[in-house]
Amino acid sequence: MGAWASRGRAARVPAPESEPEEALDLSQLPPELLLVVLSHVPRTLLGRCRQVCRGWRALVDGQALWLLILARDHSATGRALLHLARSCQSPARNARPCPLGRFCARRPIGRNLIRNPCGQEGLRKWMVQHGGDGWVVEENRTTVPGAPSQTCFVTSFSWCRKKQVLDLEEEGLWPELLDSGRIEICVSDWWGARHDSGCMYRLLVQLLDANQTVLDKFSAVPDPIPQWNNNACLHVTHVFSNIKMGVRFVSFEHWGQDTQFWAGHYGARVTNSSVIVRVHLS
């Protein structure tokens, strides 16, 4: 009976139990190979890698890892940055991470360091002084090319002033790089008027040392825009190309008001302010 009942059915043979795979311990890799592995980890996760052990923390805090990461950018700017990073290395500081880590995370070269340049966040990030009926944010009356938002800050019948002070080290630059003579600081501002009201405008940009003493400055006091101006919009630019030793801060400050002295917000309209650090490619 037993033999007849099993006819036509294959006996089930239990599958052999697979041996558990042994976890790969990256800490067993030689440091030079572990550096290559870490250089492929997203930068946002390297902070977690730093917490694994002292050895990993030393690698993440060191210069070699970040130089490997920089070397992957083969553009002209990338090659210039790598050369600059190698030639402007900061002296090793005990218990302090290499500044290249902050530099790679913040990416300060070529981006606008001004926060909220068009008023898309209201008056946040600006130190403001209200004159007349104060600052407000409105839609642009003339399109500003390249602006992250087509909005602007609008002034009133008495001088309105606002200012940002940028900490260049906090942005990711370090003293040896700032003092290398290989960077330039490009500043830019857009200002304009309503068609039915003239306006006045001023700009002052200062390069400051660690004690916020003025080392260099640029000021612009253009002629007022007259009334009935077809919504005029003007662009002010300047490049600080011979940066003095010791620059650590940039102060960006501008003013505006109308020329009709009307209650409300008929004064200068300012937007897309920028401070951009660039590298000399030559």
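The values are calculated or read from the model by the stated rules, or taken from the named source; none is laboratory data. Predicted model only: the values in this text are computed from it and were never measured. Glycine also receives a Cβ, built like all others from the backbone with ideal geometry; neighbour counts cover every protein chain displayed. Ligands, DNA and RNA are excluded from the accessible area calculation, which covers all protein heavy atoms including side chains. Shrake-Rupley method; radii C 1.70, N 1.55, O 1.52, S 1.80 Å.
Quick one: is Ile109 under 30 Å from Val137 (Cα atoms) and surrounded by 16 or more Cβ atoms within 10 Å (Cβ to Cβ)? So Ile109 fits the description; yes.
So which of Arg202, Arg182 is over 30 Å from Cys88 (Cα atoms) and of a type in the set (Lys, Arg)?
Arg202
Among the residues of segment 237-247, is there at least one that is basic (Lys, Arg), modelled with pLDDT of 95 or more and within 30 Å of Pro97 (Cβ to Cβ)? No; the residues of segment 237-247 include none that is basic (Lys, Arg), modelled with pLDDT of 95 or more and within 30 Å of Pro97 (Cβ to Cβ). Between Trp56, Trp66, the distinction of being within 22 Å of His280 (Cβ to Cβ), open to solvent by less than 60 Å² (accessible area, probe 1.4 Å) and in contact with a helix residue (DSSP H, G or I) (Cβ under 9 Å, 6 or more places away or on another chain) belongs to Trp66 only.
Please determine whether any residue of segment 78-89 is open to solvent by 60 Å² or more (accessible area, probe 1.4 Å), in contact with a Lys or Arg (Cβ under 6 Å, 6 or more places away or on another chain) and assigned to a loop (DSSP other than H, G, I, E, B).
no
Buried (at least 16 other Cβ atoms within 10 Å of the Cβ) and at pLDDT below 95 - does that describe any residue in segment 145-168? No, because not a single residue in segment 145-168 is buried (at least 16 other Cβ atoms within 10 Å of the Cβ) and at pLDDT below 95.
Filter segment 134-144 for residues that are out of contact with any His (no Cβ under 6 Å at 6 or more places or on another chain) and open to solvent by 20 Å² or more (accessible area, probe 1.4 Å) and give the result.
If the condition is that a residue be out of contact with any His (no Cβ under 6 Å at 6 or more places or on another chain) and open to solvent by 20 Å² or more (accessible area, probe 1.4 Å), then Val137, Glu138, Glu139, Asn140, Arg141, Thr142, Thr143 are the ones that fit.
Pick from Arg9, Arg43: which is under 30 Å from Gly110 (Cβ atoms), open to solvent by 40 Å² or more (accessible area, probe 1.4 Å) and either at pLDDT 80 or above or not hydrophobic (A, V, I, L, M, F, W, C) (or both)? Even if it seems obvious, please write down each step before you answer.
Values: Arg9 fails: under 30 Å from Gly110 (Cβ atoms).
Just one listed residue meets the conditions, Arg43.
In summary, Phe103 fulfils each of the numbered conditions (1) open to solvent by 40 Å² or more (accessible area, probe 1.4 Å); (2) assigned to a helix (DSSP H, G or I); (3) modelled with pLDDT of 85 or more with the single exception of condition (1). Condition first: touching a helix residue (DSSP H, G or I) at 6+ places or on another chain (Cβ under 9 Å), assigned to a loop (DSSP other than H, G, I, E, B) and touching a residue at least 40 places away in the same chain (Cβ under 8 Å). Can you find one or more residues in segment 181-189 that meet it? Scanning segment 181-189, I find at least one residue that is touching a helix residue (DSSP H, G or I) at 6+ places or on another chain (Cβ under 9 Å), assigned to a loop (DSSP other than H, G, I, E, B) and touching a residue at least 40 places away in the same chain (Cβ under 8 Å), so the answer is yes. Residues that are part of a strand (DSSP E or B) and small (Gly, Ala, Ser) within segment 246-282 comprise Ser251, Gly256, Ser273, Ser274, listed in sequence order. Restricting attention to segment 216-248, and to residues there that are closer than 14 Å to Val165 by Cβ and out of contact with any helix residue (DSSP H, G or I) (no Cβ under 6 Å at 6 or more places or on another chain), which single residue is most open to solvent (accessible area, probe 1.4 Å)? Filtering segment 216-248 for residues that are closer than 14 Å to Val165 by Cβ and out of contact with any helix residue (DSSP H, G or I) (no Cβ under 6 Å at 6 or more places or on another chain), the one most open to solvent (accessible area, probe 1.4 Å) comes out as Lys217.
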